[in-house]
Amino acid sequence: MCTTISVPAIPDVEAFRELIYDHYHRHGRRLPWRMTRDPYRILVSEMMLQQTQVERVLGKYEDFIGAFPDFPSLAAAPVDRVLLLWQGLGYNRRALWLRRTAAVVTGEFGGELPPSVDLLLTLPGIGRASASAVAAFAFDMPVVFIETNIRTVFIHLFFSDKGHVSDREIIPLLDASLDRADPRKWYYALMDYGSMLKGAGERVHRKSTGYRRQSPFKGSDRQVRSAVLKVLLREGTVSEAALAQVLGEPRDRVQKVLAELKNEGFISAREDGFTITS
C-alpha cells in the first residue's frame, strides 16, 4: 500500500531559482569535469566523486584522464595501472567497476556512452543517482536525482523545522524547481549552494532519513584491504604469510581479506603468493 506524503510547496519557484543561480554566478566552482561535455570524462568524475570529497578527486582526475583518455584505453589498461592511478581515492571497487564499464561500452556500444538512464543502469557500479547525474551533465537530460549537497539545500530552505526528512519528500520539490531548459547548470548551481551551506557549518543533511555516518577507516577491513593492495602494487607477488608479517595483522584476518579481493577480481592466486589481476 502506497502512503501519501505531505510536502511543503515552493512559494515562488522563480525566486528560489534566482537565489540559487545568483550564488552560482558569483561563486560557482570551476571544476575540470564541468569544463567538458565528454560523457566519458563526466562518468569518470561521477565514479570518483562517490563517497569522496571534491578536493581528493581534484588531485587524481586529470592524471587519470591523461593516462586513460577514453573508454577503449581504459578497457585495455592493466588492472595494476588503473589501481595505481586510483590510489588515494579509496573504495577501490569503483576503479574495477569503471574499467569493466569501459569494456562494456567499448564492446557493446562502439566506445560511446549510451544517452539513456535505463542503459546506464546496466553498467557495472552505476546506480540510479550516478546514471541520472551523467544523463544531466553529459546529455542535458532533465532527469530528477538527489545527492548530499542537493539534500542540504532543500532541507535547509524547506524543512528547517522537521527532524527526519526522506528523499520522497524532497523529490517533488526538486522536480517542481528543475530548470528543464538547462538541467546541467541547475544541478551544478544546487550542488554549489549546498557545498556553501556545509562549508558554513550547516549540517542539516544529517536530518535526512538516509544519512549514515561513515564508519572509521582506521582499524577497519577497508584499511587492511587498501594496505594489501598497496603492498601488491609495490612488490608484485607476495605470500599470505609475508603480507600478514608486513602489515602486522593476524593471519586469519589477512586470509579473509585476500579471499574477498580474489572473489571481487582484484587479485589472483599463484603458487608463490598473490598478485594484482592482469
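Sort out which residues of segment 59-72 are at pLDDT 95 or above and either of a type outside the set (V, I, T) or at positive phi (or both), and write them in order of number. K60, Y61, E62, D63, F64, G66, A67, F68, P69, D70, F71, P72, listed by residue number.
Among the residues of segment 241-251, count how many are over 11 Å from D272 (Cβ atoms) and either touching a His at 6+ places or on another chain (Cβ under 6 Å) or outside any loop (DSSP other than H, G, I, E, B) (or both).
Adding up the residues that qualify gives 7.
Kindly check whether there is at least one residue in segment 42-64 that is small (G, A, S), in the same structural domain as L85 (by TED's automatic domain parsing) and exposed (fewer than 14 other Cβ atoms within 10 Å of the Cβ). Scanning segment 42-64, I find at least one residue that is small (G, A, S), in the same structural domain as L85 (by TED's automatic domain parsing) and exposed (fewer than 14 other Cβ atoms within 10 Å of the Cβ), so the answer is yes.
Is it fair to say A241 is farther than 29 Å from L85 by Cβ, surrounded by fewer than 17 Cβ atoms within 10 Å (Cβ to Cβ), over 20 Å from the mean Cα position of the chain (by Cα) and modelled with pLDDT of 90 or more? So A241 passes the test. If you go through segment 166-201 and keep only what is among the polar types (S, T, N, Q), assigned to a helix (DSSP H, G or I) and farther than 18 Å from D12 by Cβ, you end up with just S195.
Here's the yes/no breakdown for (1) more than 18 Å from the chain's Cα centre (by Cα); (2) at pLDDT below 95:
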| residue | (1), (2) |
| --- | --- |
| L174 | yes, no |
| L178 | yes, no |
| P183 | yes, no |
| Y187 | no, no |
| M191 | no, no |
| G201 | yes, yes |
| H205 | no, yes |
| D221 | yes, yes |
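Out of M35, M1, one residue alone is of a type outside the set (D, E), out of contact with any Phe, Trp or Tyr (no Cβ under 8 Å at 6 or more places or on another chain) and modelled with pLDDT of 95 or more. It is M35. Taken over segment 127-158, the residue count meeting the criterion of being within 14 Å of the chain's Cα centre (by Cα), of a type in the set (V, I, T) and closer than 17 Å to D179 by Cβ is 1. If you go through segment 72-96 and keep only what is free of Cβ contacts under 8 Å to residues at least 24 places away in the same chain, surrounded by 17 or more Cβ atoms within 10 Å (Cβ to Cβ) and more than 21 Å from L113 (Cβ to Cβ), you end up with nothing. Scanning segment 28-41 for residues that are surrounded by 15 or more Cβ atoms within 10 Å (Cβ to Cβ) and within 15 Å of M191 (Cβ to Cβ) yields G28, L31, W33, R34.
The values are calculated or read from the model by the stated rules, or taken from the named source; none is laboratory data. All figures in this text were calculated on a predicted structure; none of them were measured in a lab. Please note: Cβ atoms are built from the backbone with ideal geometry, for glycine as well, and neighbour counts cover all protein chains shown.
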